[in-house]
1. Just to confirm the number: angle between the C-alpha axis of helix 89-102 and the first principal axis of the chain, 0 to 90 degrees, nearest 10?
2. If you put +1 on each Lys and Arg Cβ and -1 on each Asp and Glu Cβ, how big is the dipole of the chain around its Cα centre, in Debye rounded to 20?
3. Can you compute the FRET efficiency between Lys185 and Phe88 using 1/(1 + (r/R0)^6), with r the Cβ-Cβ distance and R0 = 30 Å? Round to the nearest 0.05.
4. With a 1.4 Å probe and all protein chains kept in place, how do Arg103, Arg229, Arg165 rank by accessible area, largest first?
5. Name the aspartates and glutamates eligible as straight-distance cross-link partners of Lys56: C-alpha to C-alpha under 15 Å, and not fewer than 8 places from it in the same chain.
6. Taking the Cα-to-Cβ direction at Phe138 and at Thr2 and moving 7 Å from each Cα, how far apart do the two end points lie in nm?
7. Using only Cα atoms, figure out Rg for the stretch 26-79 and give it as a multiple of 2.2 N^0.38 Å.
8. Can you give me the relative contact order of the chain as a percent, contacts being Cα pairs under 8 Å and 6 or more apart?
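The values are calculated or read from the model by the stated rules, or taken from the named source; none is laboratory data. All values derive from a computational prediction rather than experimental measurement. Heads up, the Cβs are rebuilt from the backbone with ideal geometry, glycines too, and the neighbour counts pull from every protein chain shown. Accessible surface areas use protein heavy atoms only, side chains included; no ligands, DNA or RNA. Shrake-Rupley method; radii C 1.70, N 1.55, O 1.52, S 1.80 Å.
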Amino acid sequence: MTEGLPQQINYLVDEGMSTSKGSNTIISYIHHFFLNYGLGDMRVNLHCDNCSGQNKNKYVVWYFLWRAIHLLHQQVTMNFLITGHTKFGPDWCFGLVKQKFRRTKVSSLSEIAGVVQASTISGVNIPQLVGNEAGNVFVVQYDWQSFLAPYFKPLVGILKLHHLRFNSNKPGSVFVKETVGDVEKEIQLLKNVAQLPPIQLPAPVAPPGIGLDRQWYLFNKIVNFAAKRSKT
């Protein structure tokens, strides 16, 4: 969510397009957001929950180091919400989508995108399909893990850190704090400071599609609940 606008981009993922809920997928969506919805800001301040499988892990850290190294941003700060205080702007937007969804019959991806679009009068919620039922991919997913792993080391103790900062003037370094009042500590994560990761994108990861057993299950058990207009 970009609070300054305000506007939230909601990535809608068909199960045939879902490679995982891990860091490759999350980083690919972040990368797509900056390319297609970014405002051109060179300084970015991010607020995230503490989900280690998606946001708070070494691969996301490496991705922002990669962006800083190649001057895609001058500075990025990541601030992780503390336990018990994880409600913030996106939850408001998700709540609006849920309210509209409960009152709307949905049988296809285009219809759920319409729900997101219509969930706010002012256009705060924006739908972004990752792909469609025909197999067309709109948001490419990349193998960021394999791409970045040869160049960076893990950030030790990441789970207890709440504030991370990346700066293009310090390639490969992350500045960390446990609490907002602490003094920043600089940690160099490049394995070899003379060997930087290339700016070229990683290899794309093909969507898995839907297996035959799953297709038969959907046909036999679910399709009868769909609207007639969607049975094509």
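1. 10
2. I would put it at about 420 debye.
3. Computed FRET efficiency for Lys185 and Phe88: 0.70.
4. Ranked from most to least accessible, the order is Arg103, Arg229, Arg165.
5. Of all the aspartates and glutamates, those that pass the test against Lys56 - Cα under 15 Å, at least 8 places apart if same chain - are Glu178.
6. 1.7
7. Scaled against compact globular proteins, the figure is 1.07.
8. Computed value for the chain: 27 percent relative contact order.
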